[in-house]
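Derivation of every value follows stated rules applied to the coordinates shown; laboratory data play no part. Remember, it's a predicted structure, so these values are computed and weren't measured experimentally. Note that each Cβ is placed from the backbone with ideal geometry, even for glycine, and that neighbours are counted across all protein chains shown.
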Amino acid sequence: MAKFVSKEEEMAIVKAIKKGHSITRVAKDFKRSKRTISKYAKANGIESIRLQTKKATEVLIQTSKERRRKNLEEITDIIMKGFRSPDITSKDIFDLSKSYGVVIDKLRLEEGEPTEISNSNVNNTNMVHPSELTKEAVETLAKRLRERNGSS
């Protein structure tokens with residue numbers, strides 16, 4: 001048979017929950033079931049700790065996602081500055097290209113897009129075909145490669 005909860009005990013339960021104690025801890029302290037503690041919390045307008053935790057987790061996930069996206073954008077800026085360096089080597093171009101590919105994949109993951117390019121979604125990418133490069137860009141790359149290799 002259920003044990004009666006006095007008004008004083010109910011107020012003590014509510015006070016403990018408002019202090020931030022978990023439903024489980026309050027239930028143990030008062031030798032009551034978690035269901036009983038939850039019932040009195042709800043009756044006194046206290047939001048479920050589980051619901052508060054869920055909301056906090058959702059905020060944390062969203063904040064983390066925004067922070068990761070901001071970090072990836074900062075990394076992209078650093079990579080782009082590296083490409084504009086006058087002292088860039090072919091190894092640097094190779095390394096920066098790989099890094100940029102990883103960042104693009106991570107950004108796609110954050111946006112829920114596929115990270116692999118298949119025949120079905122090849123038209124949805126931002127790939128640049130060599131024929132789309134400007135003459136100046138090709139000449140600059142060729143000049144840098146010749147300088148690196150010691151030929152003119």
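Couple of notes before you dig in:
- R0 of 35 Å, Cβ-Cβ distance Ala12-Arg68: FRET efficiency to nearest 0.05: 0.20
- Kirkwood hydrodynamic radius of the range 7-46, from inverse mean 1/r over distinct Cα pairs, in Å: 9.5
- Contour excess over end-to-end distance, with Cα ends at Lys3 and Asp29 and 0.36 nm allotted per residue: 7.9 nm
- Averaged over residues, the count of other Cβ atoms within 10 Å places the peptides 100-106, 141-147 in the sequence 100-106, 141-147, highest first.
- Inter-label distance for Val59 and Met80, nm, one decimal - labels placed 7 Å from Cα along Cα-to-Cβ: 3.3
- Filter on Lys70/Lys143; Lys34/Lys65; Lys91/Lys143; Lys81/Lys143; Lys18/Lys65; Lys42/Lys65 - keep pairs with C-alpha separation over 27 Å: Lys70/Lys143; Lys34/Lys65; Lys18/Lys65; Lys42/Lys65
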